[in-house]
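The values are calculated or read from the model by the stated rules, or taken from the named source; none is laboratory data. In this text the structure is predicted, and so the values were computed from the model without any measurement. With ideal geometry, Cβ positions are generated from the backbone for all residues, glycine too; neighbour counts draw on all protein chains shown. For the accessible areas, the whole protein counts, side chains as well, though only heavy atoms, and no ligand, DNA or RNA atoms are used. Shrake-Rupley method; radii C 1.70, N 1.55, O 1.52, S 1.80 Å.
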Amino acid sequence: MNSQMENTADSEELPGDSTVQRAVQGSRLGRLGQWIAGAVRDSYLYRWLTAEPDPDVIVIDLRETWTVGLVIRLLDAAIDRLAPAVRESRVAGAVQTGATVTRQQPAVVAGLGLLVAGALVGVASVGAGTLSTTRLALTAVTLITGALATRERRSWTELRETQPVRLFLAALEPPEPQEEHTPGNDPSDDSDDK
C-alpha cells in the first residue's frame, strides 16, 4: 500500500512540470532511478538511520554492575595513583612543550612534518629501488609544500582569523539546530492576531 501511495504521488503532475521532465520520469533510466530511490528508502539501514528515537530507552549505569563496575573501580584507582607521576614526568613535559609550540606556530610544525614525510618517501623509494616519476613528483611536492609552510610564523589564533581557515572551519562545523515552531516565536502568528 505504501508503494501505491508513492507511485500516485510520483505520477501527479507538479506545478511547472514540463514535457521533458515527464519523459525522463517515464523513461527506463527514470524508472531505474525511482526504483533505486525506493530500494534505499525501504532498506533497513536507511530506516534505522532516520528512525525517531525510542522514548522508552532504559539507561543502565555500568558503574553499578558487578562486572564492569569492578573494572571501572580498578581503573579509577590506578589512574588516581599514576596521575601525579605522569604530570611530573619528562614525557608529559615534552608533550606539553610540543602542544605549546604547535599552538604558537602550527604551520611551521605542519611544514616540518611534511618535510620529514617527503624525505622518508624519497629515501624509502630509492632504498627499495621503486623510484618512479610519480613518487619523485610526490616527494618534490611534499618537500616544497613543507618548506613553504615553515615560512608561516603566525600563531593559531592569528591563523583562525584568515579567510581560508575560517571557510575551512565553517565547512567542518555541524549545522545549527532548527528552532521548533512555537506560537510565540513565529512572526506570522502576530499578524494573525491583529
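With bins 10 Å wide beginning at 0, the percent of Cα pairs of the stretch 68-112 falling in each bin runs 25, 28, 24, 19, 5. In the assembled protein chains, S155 presents an accessible area of approximately 30 Å² (probe radius 1.4 Å). When peptides 52-62, 81-91, 118-128 are sorted by average Cβ neighbour count within 10 Å, with the highest value leading, the order is 118-128, 81-91, 52-62. With a Förster radius of 41 Å, plug the Cβ-Cβ distance of A137 and Q21 into 1/(1 + (r/R0)^6) and report the FRET value to the nearest 0.05. E between A137 and Q21, to the nearest 0.05, is 0.35.
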